[in-house]
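Student: Mind looking over this structure? Questions follow.
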Amino acid sequence: MRGQLDKQKILVIGGSKFLGLAVAQRASKAGAEVVIGARDLEQAAKAAAQLPFASAIHVDITDEGTIAAAAAELGYVDHVVITASAHHNVPVGELEHDKIVTAFEAKVIGPMLLAKHFIPIMPPTGSILLFSGVAAWTPSPGYTVMGVTNGAVAFLASQLAKELAPVRVSAISPGVTDSGTWDTLAEQDKKNLLESAASSSLVGRAGTADDIADTAIWLLNAGNISGETIHVEGGARHV
Ligand SMILES: NC(=O)c1ccc[n+]([C@@H]2O[C@H](COP(=O)([O-])OP(=O)(O)OC[C@H]3O[C@@H](n4cnc5c(N)ncnc54)[C@H](OP(=O)(O)O)[C@@H]3O)[C@@H](O)[C@H]2O)c1
């Protein structure tokens, strides 16, 4: 793996934990200079301290000022990966306006504004990697906000790929993945979720952070792929 991203500078927003951290670790192993972007700079610095040639920067994807400041401070990046999301998984009768807006800011509006500020500091060979999710293709009660924001991410990848070419823009759409984010659930609830994901997958298991990190590194290197959403969900859409 070492060498695939040699000397490439990669900003991972959401990189201080979960899938973002897994991608940051794998990119670092592949020789990249990683910058961990997070709204909590202390957490980002802790994550960066575990990796060679890594650093941390404050980025709140819902705050355009911090995005612009990060672009100005970095001055150059080859690739940007954005795993940030804000969850609002409730039945329609319990939806709250501000939480819906935050979810769209984290997954859709923030990445648009990121493109605005980062494209001027990226080379033609660079790429932006967004995160969608299987909820967009498998509607489920209580997951309207997640489903619609993830669907919007797939369309955003296509739109940005066209406008920002030759910079490549793609998205990964994970299925239910044991990234750490589900650890907030009670132990039995998490077990049920992962078992249910396994039984609604063609490969009979939930996703792992390694599945996503492998795909992310492959996509960052995939010079002839742009505008696509790559589904890493064991075929869950086909069950
Ligand atoms: N894990 C799954 O089962 C699954 C399934 C489908 C799709 N996905 C998608 O994959 C991506 C990564 O998921 P994950 O499993 O790593 O868990 P996650 O809980 O969605 O992780 C979100 C990450 O974004 C960061 N973040 C949240 N708000 C932010 C903001 N305003 N600015 C900057 N960073 C922010 C969080 O860090 P802080 O809270 O510390 O700031 C965390 O690092 C997400 O887009 C998610 O929707 C995941």
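Student: Please list 3J(HN,Hα) in residue order for the stretch 117-133, calculated via the Karplus relation 6.51 cos²θ - 1.76 cosθ + 1.60 where θ = phi - 60°; whole Hz, with x for glycine and proline.
Tutor: Coupling constants for the stretch 117-133: 8, 9, 4, x, 10, 10, x, x, 8, x, 8, 10, 10, 9, 10, 9, x Hz.
Student: Which value, in Å to one decimal place, does the Kirkwood hydrodynamic radius take for the stretch 11-74 when every pair of different Cα atoms is included?
Tutor: Roughly 11.3 Å, rounded to one decimal.
Student: So what does log10 I(q)/I(0) come out to for the stretch 7-137 at q = 0.09, 0.19 Å⁻¹, using the Debye formula with one equal point on every Cα and no solvent?
Tutor: So the normalised log intensities are -0.25, -1.03.
Student: What's the Cα-based Rg to Rh of the stretch 104-198, Rh via Kirkwood?
Tutor: 1.07
Student: Connecting C-alpha atoms closer than 10 Å in a GNM of the chain, tell me which of 123, 91, 111 has the biggest fluctuation.
Tutor: Among 123, 91, 111, the largest mean-square fluctuation in the Gaussian network model of the chain belongs to 91.
Student: Further question: In whole Å, what is the distance between the alpha-carbon centres of the stretch 177-229 and the stretch 1-46?
Tutor: 18
Student: As a test of the formula, what do you get for the chain when each DSSP H run with n ≥ 4 contributes -39,500 (n - 2.57) and the sum is divided by the residue count, at 222 nm and rounded to the nearest 500 deg cm²/dmol?
Tutor: Helices in the chain give a 222 nm mean residue ellipticity of -12500 deg cm²/dmol.
Student: Going by a ≥ b ≥ c, the root eigenvalues of the Cα gyration tensor, does the stretch 153-239 fall in the rounded group (a/c under 1.5), the prolate group (a/b larger than b/c) or the oblate group?
Tutor: It comes out prolate by the Cα gyration axes.
Student: Let me know the whole percent of all Cα-Cα pairs from the chain that are separated by more than 28 Å.
Tutor: I get 26 percent for the Cα pairs in the chain exceeding 28 Å.
Student: Hey, how many Å between the Cα centroid of the stretch 52-70 and the Cα centroid of the stretch 140-155?
Tutor: 25
Student: Give the relative contact order (percent, whole number) for the chain; include only Cα pairs under 8 Å separated by 6+ residues.
Tutor: Reported as a whole number, the value is 18 percent.
Student: Checking the cross-link filter: which lysines have an alpha carbon closer than 18 Å to that of residue 7, excluding same-chain neighbours under 8 positions apart?
Tutor: Reachable lysines: 29.
Student: Right, next: Under the Karplus relation 6.51 cos²θ - 1.76 cosθ + 1.60, θ = phi - 60°, what is the ordered set of whole-Hz ³J(HN,Hα) values for the stretch 197-214, x standing for Gly and Pro?
Tutor: Those phi angles translate into 5, 5, 6, 9, 10, 6, 9, x, 8, 6, x, 10, 4, 5, 4, 6, 4, 4 Hz.
Student: Of 108, 90, 77, which is the most mobile in a GNM of the chain whose springs link Cα atoms less than 10 angstrom apart?
Tutor: Taking springs between Cα atoms under 10 Å, the residue moving most is 90.
Student: Which ³J(HN,Hα) values, rounded to whole Hz and listed in residue order, are derived for the stretch 7-20 from phi using the Karplus coefficients 6.51, -1.76 and 1.60 in 6.51 cos²θ - 1.76 cosθ + 1.60 with θ = phi - 60°, glycine and proline given as x?
Tutor: 6, 7, 9, 10, 8, 10, 8, x, x, 7, 7, 6, 5, x
Every read-out reported here was derived from the displayed coordinates using simple, explicitly stated rules and does not represent laboratory data. All values derive from a computational prediction rather than experimental measurement.
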